[in-house]
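Engineer: Could you have a look at this structure, given as structure tokens, before my questions?
The values are calculated or read from the model by the stated rules, or taken from the named source; none is laboratory data. Worth saying up front: this structure is predicted, and the values here are computed from it rather than measured. Cβ: placed from backbone, ideal geometry, glycine included. Neighbour counts: every protein chain shown.
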Amino acid sequence: MEFRIARRRTLLALAAIGAGALAAPVIAQDGPITIGVQVPTTGPEATYGNDMLNAVKVAVEEINGDGGLLGRQVELAVGDSACDPQASVNAASKLASQEVDGVVGGYCSGATLPTLKVYGDANIPFVITASNSTKLIPANPGNAFMINSTGADQSTKVVDFLSGKGVETLAIVDQGDAYSQDLANLTAERWKEAGHEVVATETVNKGEQDYSALTTKIRSLNPDAVLWTAYYADGGLLIRQLRQSGYQGVIAVGDGSNSPKLFEIAGQAAEGVFGFSNPTAEFLPAAASFIESYKAANDNAPGPYAPLTYDGMKLLAWAIDKAGTTDHAAVIEALASADQAEWLSGPISFTDENTLARSNFIVLEGKDGAWTRAAE
Amino acid sequence: MTTFDILAQQLVNGLVLGSFYALVALGYTMIFGVIKLLNFAHGDVYMIGGFVGFAVLSLVGGLVGTGWGGIALSMFVSMIAVGFLGVVIERIAYHPMLAAPRLSILITALAVSLVLQNSVLALTGGEFTAFRTNLGFGGIALGGVFITYNQMVLVGMAAILMLALETFVTRTQYGRAMRAVSIDKDMCRLMGIDVTKIIAVTFLIGSALAAAAGTMAGAYYGSIWYFMGFLIGLKAFTAAVIGGIGSIPGAMAGGLILGLLEAFGTQIPFIGSEWKDVFSFSILILVLVFKPTGLFGKSEVERM
């Protein structure tokens, strides 16, 4: 008993000190604004992580070049999440104890998930630029904002786009894994809700080269469109065999198949195939100058999540500017009110759950052996 | 498409798929015949065959074209090269183990499989390689059934290879020796047959057939990768067991039957294609329950 009381006193004392420390930076507002960047800079996903970090640097350089934020320079503090839940919690705790004014990043959803609580407890504004698992949504304490579309958003986009093409009957093929089955089920549900018909939902084995039995079945059902929800390698084979069997309807593939390699495998058959993709720089007209500055600072082209991460940094800066202060609550409020349309990846505004109100998936079309942006 | 058209089309699909299974199953069954080994590396030999065929076609494609002529040539080169690879594998990995317990050699086969897979993984970085050819999509339509020229050539080539094998095994001295070795190795030695050489010939032929299938599959489907031998290895093994492992006609029949079962299994009303393997493997269980030696297998007598 004695011990417990003693400890409670210590805690109270610590809390008092803590409160004093928290109050301090609000008064002193002339130092630099520090933004945390939580990305995997080591480990298997380091390529993507460093790419995101470079995109943030491009944005910060522009901001500082324009006189900074609230008259103060912006500084970065990097937290390496290593695509690992433990490493990311350590990185997040470090950033939180550095009292950063906001955080951008988040690549692997599994590593981002446990950091939501860390930033939530400190009420630090967190703009998540790549992680897009729907599991993040219920775990969000309210300070995090997801600017990458989720799997659910992709199925909505697929349904909208194909309906727009006049497709009525749809056959969906997945590969039995969590990712492709999820997309297949979500799309099937929404397709039916939209009043259309799903004539077949099929699953194929990964690595099985011969899909002729399936293509015969599909041809006999003759749906207006076939949707492949898994990856490019088997997708390329399926597309080839579908066309070989004489199927002439629309073929669409999910974002696991939007690799340029699809054309090497499917060849001619991939002409006119529709693909869905995150907003990557090469297909965004607004990103031309971003690509230029990125290439000037790095010796590679921006990767798939670079534009979104650039947007994330700019969005956070916009929110701090709008709030006129780095006070966390005010910045979070500003983020929630975001409704500007001039971001690289398209318009960003948020739902009540702090996810994108409007999917930023783009539609691509196979033309002359490469992906081009399709007319929507 | 009418129901008849659909079934006829699935028959064609099943024949094509079954031809691949049969060619690979033949190697399984021949090797099992002579040294009683389930050669789990056989699917990977098929994969190597695809890569060698691709390499050859890339080299000579400019000269002879990448149509069926060029493919047949690269298939031939691949058969010879991979046939000798099979002999080398046998000599290095299996030969020293022939007197060891059966389990040791089985584990060795798994090790060989991993060595082959991971070598190609290391060389290709695990990427899919596009097998470019200028095979068209042309074909003939019989009513609602569409048969491409590629499918015809493919089934034709498989049939020629199988006929050649059948002639070799039944009409030549080596074939006779092979059948004899599968019955009783020790007696063969006493009769003056070079058993080591016959085993090598068996690996040569079995691997060459797998290489032929690998090259044709690469050209026909259009892509190859290091893991392509796994699933077909499993399926071909199943085909060999359905036909009766150790029996050459059994492997041919087993391959075709499995191909047809999978094609028709896709078409069963009310259930999706994800059930086709459940369907075909249930048939395997039934075959084994009612005829444990397989359709063409005899329990004690000759196994070739």
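Engineer: Anything in the range B:229-268 that is surrounded by 24 or more Cβ atoms within 10 Å (Cβ to Cβ), at pLDDT below 90 and under 20 Å from residue A:214 (Cβ atoms)? List them, or say none.
Structural biologist: B:266 - this is the single residue of the range B:229-268 that is surrounded by 24 or more Cβ atoms within 10 Å (Cβ to Cβ), at pLDDT below 90 and under 20 Å from residue A:214 (Cβ atoms).
Engineer: Quick check, is residue A:178 within 14 Å of another protein chain (Cβ to nearest Cβ), out of contact with any Asp or Glu (no Cβ under 9 Å at 6 or more places or on another chain), free of Cβ contacts under 8 Å to residues at least 40 places away in the same chain and of a type in the set (A, V, I, L, M)?
Structural biologist: Working: within 14 Å of another protein chain (Cβ to nearest Cβ): no; out of contact with any Asp or Glu (no Cβ under 9 Å at 6 or more places or on another chain): yes; free of Cβ contacts under 8 Å to residues at least 40 places away in the same chain: yes; of a type in the set (A, V, I, L, M): yes.
It is false that residue A:178 is within 14 Å of another protein chain (Cβ to nearest Cβ), out of contact with any Asp or Glu (no Cβ under 9 Å at 6 or more places or on another chain), free of Cβ contacts under 8 Å to residues at least 40 places away in the same chain and of a type in the set (A, V, I, L, M).
Engineer: Spot the failing condition for residue A:260; the list is (1) touching a residue at least 60 places away in the same chain (Cβ under 8 Å); (2) more than 30 Å from residue A:243 (Cβ to Cβ), and only one is missed.
Structural biologist: Looking at each condition in turn, residue A:260 falls short on (2).
Engineer: Only one of (1) surrounded by fewer than 20 Cβ atoms within 10 Å (Cβ to Cβ); (2) away from every other protein chain (no Cβ under 14 Å); (3) part of a loop (DSSP other than H, G, I, E, B) fails for residue A:132. Which number is that?
Structural biologist: (1)
Engineer: So which pairs qualify, if the first residue must be in the range B:262-273 and within 10 Å of chain A (Cβ to nearest Cβ), the second must be in a loop (DSSP other than H, G, I, E, B) and crowded, with 23+ Cβ neighbours inside 10 Å, the Cβ gap must be under 8 Å, and the two must be at least 6 apart or on different chains?
Structural biologist: Once the first residue is within 10 Å of chain A (Cβ to nearest Cβ) and sits in the range B:262-273, its partners that are in a loop (DSSP other than H, G, I, E, B) and crowded, with 23+ Cβ neighbours inside 10 Å give B:273/A:204.
Engineer: Can you confirm whether the range B:190-213 contains a residue that is among the polar types (S, T, N, Q), within 14 Å of chain A (Cβ to nearest Cβ), in contact (Cβ under 8 Å) with a residue 24 or more places away in the chain and surrounded by fewer than 24 Cβ atoms within 10 Å (Cβ to Cβ)?
Structural biologist: Checking the range B:190-213: not a single residue is among the polar types (S, T, N, Q), within 14 Å of chain A (Cβ to nearest Cβ), in contact (Cβ under 8 Å) with a residue 24 or more places away in the chain and surrounded by fewer than 24 Cβ atoms within 10 Å (Cβ to Cβ).
Engineer: Moving to a separate point now. Hey, can you tell me all the residues within the range A:299-310 that are surrounded by 18 or more Cβ atoms within 10 Å (Cβ to Cβ) and at pLDDT below 90?
Structural biologist: Scanning the range A:299-310 gives A:302, A:303, A:304, A:305.
Engineer: Of all residues in the range A:72-125 being charged (D, E, K, R) and part of a strand (DSSP E or B), which is surrounded by the most Cβ atoms within 10 Å (Cβ to Cβ)?
Structural biologist: Within the range A:72-125, the match that is surrounded by the most Cβ atoms within 10 Å (Cβ to Cβ) is A:80.
Engineer: Looking at the range A:32-68 only, could you name the residues that are within 17 Å of residue A:326 (Cα to Cα) and assigned to a strand (DSSP E or B)?
Structural biologist: Result: A:33, A:34, A:35, A:36, A:37.
Engineer: Moving on to the next point. I'd like to verify a number: residues in the range A:217-231 that are more than 8 Å from chain B (Cβ to nearest Cβ) and either assigned to a helix (DSSP H, G or I) or among the hydroxyl-bearing types (Ser, Thr, Tyr) (or both), how many?
Structural biologist: 4
Engineer: Which of the helices (runs of 4 or more DSSP H) contained wholly in the range B:1-98 include at least 3 residues that are of a type in the set (Gly, Ala, Ser) and within 14 Å of chain A (Cβ to nearest Cβ)?
Structural biologist: The helices (runs of 4 or more DSSP H) meeting that bar are B:3-35, B:42-64.
Engineer: Going by the conditions given, is residue A:214 more than 27 Å from the chain's Cα centre (by Cα), more than 10 Å from chain B (Cβ to nearest Cβ) and assigned to a helix (DSSP H, G or I)?
Structural biologist: Details: more than 27 Å from the chain's Cα centre (by Cα): yes; more than 10 Å from chain B (Cβ to nearest Cβ): no; assigned to a helix (DSSP H, G or I): yes.
No: the conditions fail for residue A:214.
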